[in-house]
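J.: First the structure, then my questions, so here it is.
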Amino acid sequence: GAGVSQSPRYKVAKRGQDVALRCDPISGHVSLFWYQQALGQGPEFLTYFQNEAQLDKSGLPSDRFFAERPEGSVSTLKIQRTQQEDSAVYLCASSLKGAVYLPSKFFGPGTRLTVL
Amino acid sequence: GNSVTQMEGPVTLSEEAFLTINCTYTATGYPSLFWYVQYPGEGLQLLLKATKADDKGSNKGFEATYRKETTSFHLEKGSVQVSDSAVYFCALSKDFGNEKLTFGTGTRLTIIP
C-alpha cells in the first residue's frame, strides 16, 4: 500500500518480556518519528530519524527503549523488560526531509501494546 | 517547555450545529500549529495547519486562525455532519528540520443525527 504500515497491530506481552515493533514508512520518506499514545492522551514524541541517523531520542522514557533504522527505511522500536506502564499505542509517522516548508507527516495505524 | 491545552471532551452536538474546540499553546518564539483528526479505526490525519501569526488553516469546512496575541488556535466548523465524529488533536511544532509534534490530550466529538 501507499501509506505507513506498522506491525503487529496488537501485541500482548507478559511483564518482563522484550518486544519489537516494526514501522514501514512511505517509500522515499526521509524522516521517521515514533510516538507513544497512552489511553485517553495525546501522542508523545519518542524519537526521530533522518535516514539512518537518529537525530533526537530525547523522548525515550528509559534505557529499556531502543529504536533503530539501519538502512534508512524500515524502523524497529524495541522495548526490553516490558512493564505495565509501557502499555500504550505506539505510532510511527514519516515525512519527506525536514525543511523550512514543514512537509506533512503521515501516520501509521499504530501498534497497541498491552503488558500484563 | 512547549505545551498544548485543548478543550476537554467529550463533545456531543446535533447535526448542522456550530462547532468550536478550543486550543491554547505555550511555546517560545513562533511555533507552527496543527489540527489532527483520528476517525474511528483509522490513523491520525492532518486536518489543517498554520505556520505564522494570523494565518488561517482550512480544510473540509473546518477553520482555525493562528492568534499569537492570545496564543490560541481554536477549531471551528459552521455546520457539522455525522461523519465529523472523531477525536481531534491540537498540536504544535517548534523545531525546523525535526518538526516533532507536541500534542494536546484530544477532544472526542460525537455528532448525532
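Each reported figure results from applying straightforward, stated rules to the coordinates on display, with no laboratory input. Model, not experiment: these values are computed from the prediction. Note that each Cβ is placed from the backbone with ideal geometry, even for glycine, and that neighbours are counted across all protein chains shown.
J.: What is the list of residues in segment B:1-35 whose amide nitrogen lies under 18 Å from a point 7 angstrom out from the Cα of B:T70, following Cα to Cβ?
T.: B:4-8, B:18-27, B:33-35
J.: Restricting the calculation to Cα positions, tell me the Rg (one decimal) and the Dmax (whole number) of segment B:45-112 in Å.
T.: 12.8, 41
J.: Also: Between the DSSP loop rule and a limit of at most 14 other Cβ atoms within 10 Å, which chymotrypsin sites (Phe, Trp or Tyr not before Pro) in segment B:1-100 are left?
T.: In loop regions of segment B:1-100 (DSSP not H, G, I, E or B), the sparsely surrounded chymotrypsin sites (Phe, Trp or Tyr not before Pro) are B:F18, B:F96.
J.: May I pose another question? Give me the dipole magnitude in Debye, nearest 20, for segment B:10-113 about the Cα centre, with unit charges on the beta carbon: positive for Lys and Arg, negative for Asp and Glu.
T.: Here segment B:10-113 has a charge dipole of around 260 debye.
J.: Then there's this: Extent of chain A along each principal axis, from alpha carbon coordinates, in Å, largest to smallest?
T.: Cα extents, longest axis first: 42, 27, 26 Å.
J.: Using 23 Å as the Cα-Cα cut-off, could you pick out the over-long pairs in A:K11/B:K60; B:K49/B:K77; A:K78/B:K94; A:K97/B:K60?
T.: A:K11/B:K60; A:K78/B:K94; A:K97/B:K60
J.: Separate question: With a 10 Å radius around each residue's Cβ, average the other Cβ atoms per peptide and rank A:66-78, A:42-54, highest first. Each step should come with its number before you reach the end.
T.: On the way: A:66-78: 16.5, A:42-54: 19.0.
Descending mean neighbour count gives A:42-54, A:66-78.
J.: Evaluate peptide A:50-61: per residue, the Cβ atoms of other protein chains within 10 Å of its Cβ; return the mean as an integer.
T.: 1
J.: Can you find, among B:F73, A:S5, B:T110, the residue sitting farthest towards the positive end of the charge dipole of the protein assembly as shown, where Lys and Arg contribute +1 and Asp and Glu -1 at Cβ?
T.: It is A:S5.
J.: Another one. If the elastic network links every pair of Cα atoms under 10 Å, which of B:T26, B:T65, B:T102 fluctuates the most in the Gaussian network model of chain B?
T.: B:T26
J.: Between A:R81 and B:Y30, how many nm apart are label points set 7 Å from Cα along the C-beta direction?
T.: 4.7
J.: Here's another thing I want to ask about it. Would you mind working out the magnitude of the charge dipole of chain A relative to its Cα centre, with +1 at each Lys and Arg C-beta and -1 at each Asp and Glu C-beta, to the nearest 20 Debye?
T.: The calculated dipole for chain A is roughly 300 debye.
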